Amino acid sequence: MQQQASTLDKLRENLRLQQVYNVFLRYGLDIAFERLPTIAALRASMQRWVWNLPEDLESPELPVKVRLMIEELGPTYVKVGQIVSSQASVLPAEWEEQLAKLQSNVPPFPSSQVREIIVDELGQPPEELYASFELTPFAAASTAQVHRATLHDGTEVVVKVQRPHIRNQMKADVGIMRNAARVLSNRSRALQAIDLAGMVDEFGANAIRELDYTGEAYNSFRLTQNMASIPGVHIPKIYPELSTDRVLTMEFIRGVKISNLEAIDAAGLDRAVLARNALRAIVKQLLIDGFFHADPHPGNVMVELDTGDIAFIDTGMVGELELTQRLNIIQLLMAVTQKDVTGMASVMKSLSIPFVDKVDEKAYYKDFERTIGRIMISGDTVDFGQAVSLAMDLLRQHGLRLDANLTLAIKALMQAQAIALLLYPDGGIVAEGVTMIREEALKAVTADRIYEEGKKQLTMMAREAAGNLPSLSEATMGWLKQYRKGRFEVYVDTSGLAKEVNKINRFGRQVVIAVILVGMLIGSAIATVGIGLGQFQGQFWSVINQLAVFGYIFSSVIAAVVVLRLVWRWLRGSPAEKD
């Protein structure tokens, strides 16, 4: 039976591969024909004649065709394309624009399959698990669809149900994309420069990871904890007892997109307050906590009209930043705020890694000054989004690219800036961001936080020390035995010091020998010279003179032998320890 299932899976992958290749081939031929003017003109005229097309109809640009191809390939490619659009920092603007237009217009799967998946995952049919459950979804996406339901206590929830077989399909599609990316990268230096294969590997892994809804539940739980100190910000509650890796039950957010200004004004909500709350939430996530919602576009940021709270939904895609990365982004924000073009160029370069052999730093700084300086001198407040977008283009032009998490972070900051300016044009990250960072940093460094962190570190140290101590019974028995003997013995292991002690002993002997030889040389020389100058006569002084001369000669010979021996060993490369 296992062999049969394996064969069916392999057959399914091969059929999917053939389908994908057919789409690639059709669009590939179309793109190839467009590059040949004669064939392209003949083909266009035939199409107008067959399909009765207007004469002035222009052929779509290459990025448009690629977007249409991705949409035809299905939900997996749409999902990966959306991830690439949100994370890539080295794609040209026209490509980013088209990838951002990717839509997941996917028809819902049958309600019978919804019911079957819920029974398989939760063990009971939806009619028993929920007080009410709408089998007709109110939203369908590329990998899942969402159903409204009510808990037995009357709480309104939404149930996210994963599409059948989407995980196997996505794994097959990601494998196909990886192979295609490697082949294309081997044939194109431009694709090698942007590391297309690495991008597909990373983004494909992220897309597959998002299919495990336990990860999304964890992200929601962690964001809820981090946002507890921000007033007016809400993260939908997750119900773990009604959630698995394929089914996710969460709180229903009754609200509108944060970009729906008419509904916000009609509800009498203060736009400036909403803008500051949204911006403060992103600032804390990005620059204080280092754990952030990676796609806070208006569709994922809702406003609850009855309470005025801002809700961040769809926590499947998150990013994490290390402390040094957060500090660098803070420096970038300060450089933009202070209109420091050179400082901004330096920070952006420090955040980047090269994808070419050599980066011309002089040309980079010169182009940065010329391009960014123009927008820095215009107006009182710098457009953060425009400045950073131009800076990322300059990085790409000079062979530099940002780390994937940094790209996510900066784009999340730009999305928050766009939302804030839409609600309240006089605010924004440049006008209020530095103040918010200072306030949130001061909140984070409190006596309670220091105490809790210190207690945590002490607990870890105690646990580590306890693991290295003998067991309580062994230690107690050892102490009792020593007590009965009337003494306590302390064992000190000096085996590690033996080598160093031997070195010191050898060095001491060498010093003693050297001092004796020098003393003999100096003493005999002084005696010989003194006797000669004093013109002392007699047998006694004659013997003393001979001894002095003999001592001088003897010590000179010994010193010469020692020096020659040392020089000989040094020339042979013998270790110093054996001298």
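Can you work out the Karplus-derived ³J(HN,Hα) for every residue in the range 297-313? Use 6.51 cos²θ - 1.76 cosθ + 1.60 with θ = phi - 60°, whole Hz, and x for glycine or proline.
Those phi angles translate into 6, x, x, 9, 10, 10, 10, 7, 5, 6, 10, x, 7, 9, 10, 9, 10 Hz.
Give me the Kirkwood hydrodynamic radius of the range 251-300, using the inverse of the mean 1/r over all pairs of distinct Cα atoms, in Å to one decimal.
Its Kirkwood hydrodynamic radius stands at 12.3 Å.
Please list 3J(HN,Hα) in residue order for the range 238-244, calculated via the Karplus relation 6.51 cos²θ - 1.76 cosθ + 1.60 where θ = phi - 60°; whole Hz, with x for glycine and proline.
So the J values, rounded to whole Hz, are 9, 9, x, 5, 10, 9, 9.
Using 0.36 nm times the number of residues separating residue 338 and residue 201, minus their current alpha carbon distance, what extension gain do you get?
45.5 nm
Please list the non-local residues whose amide H lies under 5 Å from the amide H of residue 400, H modeled 1.01 Å from N, same-chain partners needing a gap of 5 or more.
Here 355 satisfy the definition.
Report, in listed order, any pair from 257/411; 65/257; 237/443; 101/358 with a Cα-Cα distance greater than 27 Å.
As for pairs spanning more than 27 Å Cα to Cα, those are 65/257; 101/358.
Where a number appears in this text, it was derived from the coordinates with a stated rule and is not lab data. All values derive from a computational prediction rather than experimental measurement.
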